[in-house]
Amino acid sequence: MRTSRRSDVDPFIVMDVMEAARAAEAAGRHVIHMEVGQPGTGAPQAAIRALGQAMDEGPLGYTVALGLPALRARIARLYGDWYDVDLNPDRVIVTSGASGGFILAFNALFDSGDRVGIGAPGYPSYRQILTGLGLTPVDLPTSAANRYQPVPDDFAGHDLQGLLVASPANPTGTMLDHTAMAHLVGAAQDVGASFISDEIYHGIEYEAKAVSALNVSDDVYVINSFSKYFSMTGWRAGWMVVPKDHVRVVERLAQNMFICPPHASQVAALAAMDATDELQANLDVYRTNRALMLEGLPKAGFMRIAPPDGAFYVYADVSELTDDSRAFAARILDEAGVAVTPGLDFDPVRGHQTLRFSYARTTDDIAEGLRRLKTFMDGR
Ligand SMILES: Cc1ncc(COP(=O)(O)O)c(C=O)c1O
């Protein structure tokens, strides 16, 4: 049987690294995981308790397609708390993670063949999901001078129907400030491109609070998730905020594509939103780890890094060390016992000279990983 051309998407290379790390562990090696982009912690205790209670009380059948009303209301309240934005809960749509949000957003906004700009380096699945839906991802190479975030000049003349940005970004952790966000939203709207803001790393920020696209305009799609700050990757829960006149469009798609987001995860997510102490304790660990990384990576010889404003990644330019980041990452795993991600996932053109280091695990792990990296680099 034939398969479609649009299903011919690239694999997620970090998954291959994870598999290589697993195989090394199965063979008895001890591996420090700096490849995975997920918290080492689980869901907040309050989330687990709330779910236990809900399972005792009822069958957890389908919810309405847009999500539990109490969760939508609680998410809307977050926008008041975090951004001083007064958000109508009707505009909040609960999704199966940010990933489910992308599927709904891309289907709601674009027609086959539409061109959607994405910054390079960027989260790999943007490109693959767009391709899988018959859309055309347009890589916008960003520069270190712009801290690896797109600027309006990068897409002038590109005939885009959409622009997708992430702040803090994966793999760099860099953020757009209010001015930069406003320029991008304005420039996209000027050329009739729908603006999508991936805000999945909000809450994990170190110096300044991240700016939401909703601080700038109501005529945008915002996508967020319980995976990162709320430490609930496997629960597959996230949300979108869309313009009021798009809610029914997305609702019809959500009803048919997903019926509803996972009920159990919605119950847990609602409770997680009030687990502030536990979530802030996780953040304290990331903050300590970040400081260790910013000190330890240059000492080990990874000099060209963009200090991250948020998320839990450091992106390093290793062009002085290799032009084959995949082979270099494999050597680091093999010789140092540290799993890191080659940049090719994030930037198919320049990523053969970059690596991403994640510091989402425990501080002891990060300290040990940095020691191993230094020994590896000293002995190269
Ligand atoms: C920038 C970015 N967006 C979206 C996702 C997908 O997240 P989710 O688990 O909510 O589907 C990830 C996952 O790592 C990510 O890094």
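The number of residues in region 40-69 that are surrounded by fewer than 18 Cβ atoms within 10 Å (Cβ to Cβ) and within 16 Å of the ligand (Cβ to nearest atom) comes to 3. Pairs meeting the criteria (first residue in region 43-63 and on the phi > 0 side of the Ramachandran plot, second residue part of a helix (DSSP H, G or I) and open to solvent by less than 100 Å² (accessible area, probe 1.4 Å), beta carbons under 6 Å, at least 6 apart or on different chains) are Leu60/His263; Leu60/Ala264.
Taking helices (runs of 4 or more DSSP H) as the structural unit, those lying wholly within region 192-307 and holding at least 1 residues that are away from the ligand (no atom under 16 Å from the Cβ), in contact with a strand residue (DSSP E or B) (Cβ under 9 Å, 6 or more places away or on another chain) and not polar (S, T, N, Q) correspond to 247-257, 276-300.
Restricting attention to region 15-39, the residues being touching a helix residue (DSSP H, G or I) at 6+ places or on another chain (Cβ under 8 Å), within 16 Å of the ligand (Cβ to nearest atom) and either part of a helix (DSSP H, G or I) or not aliphatic (A, V, I, L, M) (or both) number 6.
Apart from one condition, Ala145 fits all of (1) aliphatic (A, V, I, L, M); (2) more than 26 Å from Ser227 (Cα to Cα); (3) at pLDDT 95 or above; the exception is (3). Screening the candidates Asp177, Asp159, Asp86 for the property of being open to solvent by 20 Å² or more (accessible area, probe 1.4 Å), free of Cβ contacts under 8 Å to residues at least 24 places away in the same chain and either over 14 Å from the mean Cα position of the chain (by Cα) or within 16 Å of the ligand (Cβ to nearest atom) (or both) yields one hit, Asp86. The selection criterion, being in contact (Cβ under 8 Å) with a residue 12 or more places away in the chain, under 19 Å from Ser99 (Cβ atoms) and assigned to a loop (DSSP other than H, G, I, E, B), holds for Ala169.
Among the residues in region 263-280, are any of a type in the set (A, V, I, L, M, F, W, C), closer than 22 Å to Asp16 by Cβ and either over 19 Å from the mean Cα position of the chain (by Cα) or open to solvent by 30 Å² or more (accessible area, probe 1.4 Å) (or both)?
Restricting attention to region 263-280, the residues satisfying the condition of being of a type in the set (A, V, I, L, M, F, W, C) are 264, 267-273, 275, 279.
Imposing the further condition that a residue be closer than 22 Å to Asp16 by Cβ reduces the set to none.
Checked against the condition, which is being of a type in the set (A, V, I, L, M, F, W, C), closer than 22 Å to Asp16 by Cβ and either over 19 Å from the mean Cα position of the chain (by Cα) or open to solvent by 30 Å² or more (accessible area, probe 1.4 Å) (or both), region 263-280 yields no hits at all.
The values are calculated or read from the model by the stated rules, or taken from the named source; none is laboratory data. As the structure is a prediction and not an experimental result, all values here were calculated from the model. All Cβ positions, even for glycine, are placed from backbone atoms using ideal geometry, and neighbour counts span all protein chains on display. These area figures cover heavy atoms from the full protein model, side chains too; ligands, DNA and RNA do not enter into them. Shrake-Rupley method; radii C 1.70, N 1.55, O 1.52, S 1.80 Å.
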